[in-house]
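Novice: Could you have a look at this structure, given as structure tokens, before my questions?
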Amino acid sequence: MQPKKKNNLILVIHSDTEALLRLGALLKESGDVIFATSVKSGQFMACHRKPDLIIIAARVGDNSGIDLCKRLKAHRDSKDCAVLILAEEQERELELAALQAGAVDFIAAPFQPAIFQARVRTHIALSSHKSLLQALADKDGLTEVYNRRYFENQARLELKRHNRQQQPLTLALLDIDYFKPYNDAYGHLQGDICLREVAQAIGAGSRRPGEFVARYGGEEFAVVLPNTNLQNAQKYGRWICERVLSLAIPHAHAGAVPFITVSAGIATVTPNTRTTLENLITTADSALYLAKASGRNQFKVATLEQETIKEAS
């Protein structure tokens, strides 16, 4: 059975309820339409629903739709959304300001419904194409998890966010044990299959907002765990080691355990303005070194504040 295709999502921000009804009727064939009647609710929905297209009235109540467009384009959660400014006839002079604010189009009344619908379809198609290209640029081609460039960019954003909120952030570095002997014994093609299976197993456990897995390099992966304290970091370490071992990928040259396993180094920090991603990576890498030196197929946890390795119970 084919999975149901996801409908396009269009957000319309307008304070005139009659205009919303007319626009909803025009847009219903182009996707699912959601509405906001204020700048505040419109910005919230844009950031949390991430629509394919946002249509904003040039005036939303007493507020400027163009100023809202600028705010959306400056916010990390809505900056990639396509914005179309919809103006009244007497507001035609706002077109240049709208385009300079980051809008992809400007339409002033009166307009022909068919032309309006065609332009909406075009912008949705362009938005979908852009999203696909961005997804491809962010992913590792072999394992289909995120790549190192995405990891470094997104992890820095998470550090800033956790600093603002004063919440603990955890980074796990995972390394497949004895991977070179595995490649030598089973061949690089089988090695690629192993990397994909491990990556997908790790990724299957990432469900919370902001949590993600990336290929850090070679047979090493990085996992960013938002709002995760030391106790929960230890739970994750146990889970991930058990998860990979449960795949039961045969490895006759792995020493004591004849299956593919991972070692994990986990670093937890409640960041401040001096905390850097490089510090966090170095701390997790130190814990990973200790896990491997202690026999592999295990994890160790470190805290950046104390700069000491804490052995997991």
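Novice: For the stretch 120-136, which positions are within 14 Å of the chain's Cα centre (by Cα) and not small (Gly, Ala, Ser)?
Specialist: Leu132, Gln134, Leu136
Novice: Is one or more of the residues making up the stretch 40-56 more than 20 Å from Ile124 (Cα to Cα) and hydroxyl-bearing (Ser, Thr, Tyr)?
Specialist: Of the stretch 40-56, the ones more than 20 Å from Ile124 (Cα to Cα) are 40-41, 44.
Remaining after also requiring hydroxyl-bearing (Ser, Thr, Tyr): 41.
Yes, there is a match, as at least one residue in the stretch 40-56 is more than 20 Å from Ile124 (Cα to Cα) and hydroxyl-bearing (Ser, Thr, Tyr).
Novice: Tally the residues that are part of a loop (DSSP other than H, G, I, E, B), in contact (Cβ under 8 Å) with a residue 40 or more places away in the chain and not polar (S, T, N, Q), restricting the search to the stretch 215-241.
Specialist: Residues of the stretch 215-241 part of a loop (DSSP other than H, G, I, E, B): 218-219, 226-229.
Imposing the further condition that a residue be in contact (Cβ under 8 Å) with a residue 40 or more places away in the chain reduces the set to 219, 226-229.
Applying the additional criterion that residues be not polar (S, T, N, Q) yields 219, 226.
Residues meeting the conditions: 2.
Novice: Restricting attention to the stretch 14-51, which residues are buried (at least 17 other Cβ atoms within 10 Å of the Cβ) and touching a Cys at 6+ places or on another chain (Cβ under 8 Å)?
Specialist: Across the stretch 14-51, the qualifying residues are Ala46, Pro51.
Novice: A further question on this structure: Please identify the pairs in which a residue from the stretch 29-57 that is on the phi > 0 side of the Ramachandran plot has its Cβ atom under 8 Å from the Cβ atom of a residue that is β-branched (Val, Ile, Thr) and modelled with pLDDT under 95, counting only partners at least 6 apart or on another chain.
Specialist: The qualifying pairs are Gly31/Ile124.
Novice: May I pose another question? Among the numbered conditions (1) modelled with pLDDT of 95 or more; (2) within 18 Å of the chain's Cα centre (by Cα); (3) of a type in the set (D, E, K, R); (4) over 18 Å from Ile281 (Cβ atoms), tell me where Glu197 comes up short.
Specialist: Exception for Glu197: condition (2).
Novice: Of all residues in the stretch 65-77 being of a type outside the set (D, E, K, R) and surrounded by fewer than 22 Cβ atoms within 10 Å (Cβ to Cβ), which is farthest from Arg49 (Cα to Cα)?
Specialist: Within the stretch 65-77, the subset of a type outside the set (D, E, K, R) is 65-66, 68-69, 72, 74-75.
Subsequent filtering for residues that are surrounded by fewer than 22 Cβ atoms within 10 Å (Cβ to Cβ) retains 74-75.
Working: Ala74: 17, His75: 14 Å.
Per the criteria, the residue is Ala74.
Novice: Taking only pairs six or more apart or across chains, which ones have beta-carbon atoms under 6 Å, a first residue in the stretch 59-86 that is farther than 17 Å from Asp105 by Cβ, and a second residue that is of a type in the set (S, T, N, Q)?
Specialist: Cβ pairs passing all conditions: Val60/Ser15; Gly61/Ser15.
Novice: Another question about this same structure. Kindly evaluate Ala252 against the criterion of being in the same structural domain as Gln167 (by TED's automatic domain parsing), assigned to a helix (DSSP H, G or I) and either out of contact with any strand residue (DSSP E or B) (no Cβ under 8 Å at 6 or more places or on another chain) or acidic (Asp, Glu) (or both). Before you say what the answer is, go through the steps one by one.
Specialist: Working: in the same structural domain as Gln167 (by TED's automatic domain parsing): yes; assigned to a helix (DSSP H, G or I): no; either out of contact with any strand residue (DSSP E or B) (no Cβ under 8 Å at 6 or more places or on another chain) or acidic (Asp, Glu) (or both): yes.
So Ala252 does not fit the description; no.
Novice: Those residues that are touching a residue at least 12 places away in the same chain (Cβ under 8 Å) and more than 20 Å from Arg59 (Cα to Cα), I need them from the stretch 5-25; list them, please.
Specialist: First, pick out the residues of the stretch 5-25 that are touching a residue at least 12 places away in the same chain (Cβ under 8 Å): 7-17, 19-20, 23-24.
Answer for the stretch 5-25, where residues must be touching a residue at least 12 places away in the same chain (Cβ under 8 Å) and more than 20 Å from Arg59 (Cα to Cα): Asn7, Asn8, Leu9.
Novice: Before we move on, is Tyr182 closer than 20 Å to Ala293 by Cα, in the same structural domain as Ala291 (by TED's automatic domain parsing) and in contact (Cβ under 8 Å) with a residue 24 or more places away in the chain? Full working, then the answer.
Specialist: On the way: closer than 20 Å to Ala293 by Cα: yes; in the same structural domain as Ala291 (by TED's automatic domain parsing): yes; in contact (Cβ under 8 Å) with a residue 24 or more places away in the chain: yes.
Spelling it out, Tyr182 is indeed closer than 20 Å to Ala293 by Cα, in the same structural domain as Ala291 (by TED's automatic domain parsing) and in contact (Cβ under 8 Å) with a residue 24 or more places away in the chain.
Novice: Okay, next question. Six or more apart or on different chains, Cβ under 6 Å: which pairs go from a residue in the stretch 160-173 that's assigned by TED's automatic domain parsing to the domain that holds Thr282 to one that's of a type outside the set (D, E, K, R) and in a helix (DSSP H, G or I)? Could you list them?
Specialist: Pairs found: Leu169/His162; Thr170/Ala233; Leu171/Leu280; Leu171/Ala284; Leu173/Ala284; Leu173/Leu288.
The values are calculated or read from the model by the stated rules, or taken from the named source; none is laboratory data. Small disclaimer: the values here were computed from a predicted structure and weren't measured. Positions of Cβ are generated from backbone atoms using ideal geometry, with glycine treated the same way; all protein chains shown enter the neighbour counts.
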